[in-house]
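The values are calculated or read from the model by the stated rules, or taken from the named source; none is laboratory data. Predicted model, so just to flag it, every value in this text is computed and none were measured. Reconstructed Cβ throughout: ideal geometry from the backbone, glycine too, with neighbour counts over all protein chains shown. SASA here: full protein model, heavy atoms, side chains in, ligands and nucleic acids out. Shrake-Rupley method; radii C 1.70, N 1.55, O 1.52, S 1.80 Å.
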Amino acid sequence: MQKLKVGMLLFPGLTILDFTGPYDVFVKAPCFEVLIIGETTGIIQAEGGLLLQPEVALANCPQLDVIFVPGGAGINALLTNPAILQFLRDQAVKAKYITSVCTGALMLAAAGLLDGFKATTHWRSLELLRMFGVETLEERVVKDRNRITGGGVTAGIDFGLVLTALIGGDEAAKIVQLQLEYNPAPPFRAGSPHTAGLPVLQHAKEQTAYMLETRKKIIRQLLQDRAPSSAEPS
C-alpha cells in the first residue's frame, strides 16, 4: 500500500488533543507517513506548557499529500503569519486533502482554502468561520470534496478515523479504533452546547468571551485588509 504523506503543523499555543488525537490514529494506520512540521524546528510550547519539537521546517518540507492544521489559542498569531499562510496555499495546489481540527479551520479560511466549501470547527468558533464566508455545519466531521474538517478538540479522533477509512478502508480504520479503545462513554452530557444545560453553557461562554472578541477583531482586520480599496478604479 502506498502511504500518503501527512504534514501535521505544530505552532506555539496549539491545543494538544487537537494534534495528538489525529496523530495517534495516523501513526497506527498503515496508509500514512506522518511528518511533524513547524515554521522552524525549534522547540515550541503548547497550551499548558508542554514542549514539542517539529522535525521538518516549512522551508524544507516536501510536497504533502495531506495538510493538517490543529487549533488552539496560538491560532490568533497564526492568522496574521504570512509565512504559514503562504505555505498552506502553496502546498494546497497539489495536496490531495486539506484538513483541520477545531480552530485550525480558521487558518484554512484565512488562507482562502475554504472558499466555496462547507466546513466545521469548535462550536464556539462557528461564527468566526462564517465571517470568512464559509458555510458551516455543526457536525463532528465535515467532508466536502477534498476538504475535511473536524469539530472541537476530541472530534480529532473521529476526523482521523474518517480520513483513515477514506484512504485505507473501513476495516483499517476499525482496527485503529479498537487499538485506541475509542469507545466514548462520557460521565456527563455536557460535551455539546445543545446538551450541556444553560448554567454550564453560560459559564463556558463567559470564560471564552475575551478569546472570541479578540479573534473577531483579528478577522475583521484581515478581511478589511483583503478588501479592495474604494479608491481603486473598477
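Here are some notes:
- Test: residue in the range 194-210 that is of a type outside the set (Ser, Thr, Tyr), surrounded by 13 or more Cβ atoms within 10 Å (Cβ to Cβ) and closer than 24 Å to THR99 by Cβ: no
- Of the residues making up the range 50-65, those that are under 20 Å from VAL25 (Cα atoms), open to solvent by 20 Å² or more (accessible area, probe 1.4 Å) and assigned to a loop (DSSP other than H, G, I, E, B) number 3.
- Pairs linking a residue in the range 1-27 that is over 13 Å from TYR97 (Cβ atoms) and in contact (Cβ under 8 Å) with a residue 24 or more places away in the chain to a residue that is open to solvent by less than 20 Å² (accessible area, probe 1.4 Å) and of a type in the set (S, T, N, Q), with Cβ atoms under 9 Å and 6 or more positions apart or on different chains, are THR15/THR103; ASP18/SER100; ASP18/THR103; VAL25/THR164.
- Any hit, the range 26-34, residues being open to solvent by 20 Å² or more (accessible area, probe 1.4 Å), farther than 15 Å from VAL69 by Cβ and of a type in the set (Gly, Ala, Ser): no
- Check on ALA119, more than 21 Å from the chain's Cα centre (by Cα) and under 18 Å from VAL66 (Cβ atoms): no
- Within the range 1-49, tally of residues that are in contact with a Pro (Cβ under 7 Å, 6 or more places away or on another chain), among the aliphatic types (A, V, I, L, M) and part of a loop (DSSP other than H, G, I, E, B): 2
- Hey, ALA165 without any contact (Cβ under 8 Å) to a residue 60 or more places away in the chain, closer than 15 Å to VAL27 by Cα and open to solvent by less than 50 Å² (accessible area, probe 1.4 Å) or not: yes
- No other residue among ILE84, ILE98, ILE75, ILE67 is touching a Lys or Arg at 6+ places or on another chain (Cβ under 7 Å) and under 22 Å from LEU222 (Cβ atoms) apart from ILE98.
- Within this structure, GLY156 fails the test of being open to solvent by less than 10 Å² (accessible area, probe 1.4 Å), under 20 Å from THR214 (Cα atoms) and within 15 Å of the chain's Cα centre (by Cα).
- For the range 168-193, a tally of residues being open to solvent by less than 80 Å² (accessible area, probe 1.4 Å), of a type in the set (S, T, N, Q) and not in a helix (DSSP H, G or I) returns 1.
- Index of the failed condition, LYS143 passing every other in (1) open to solvent by 30 Å² or more (accessible area, probe 1.4 Å); (2) over 22 Å from GLN207 (Cα atoms); (3) assigned to a helix (DSSP H, G or I): (3)
- Once the range 66-99 is narrowed to residues that are open to solvent by 30 Å² or more (accessible area, probe 1.4 Å) and closer than 17 Å to LEU35 by Cβ, the residue that is nearest to the chain's Cα centre (by Cα) is TYR97.
- Those residues of the range 100-135 which are surrounded by fewer than 24 Cβ atoms within 10 Å (Cβ to Cβ) and either modelled with pLDDT under 95 or assigned to a strand (DSSP E or B) (or both), in sequence order: LYS118, GLU135
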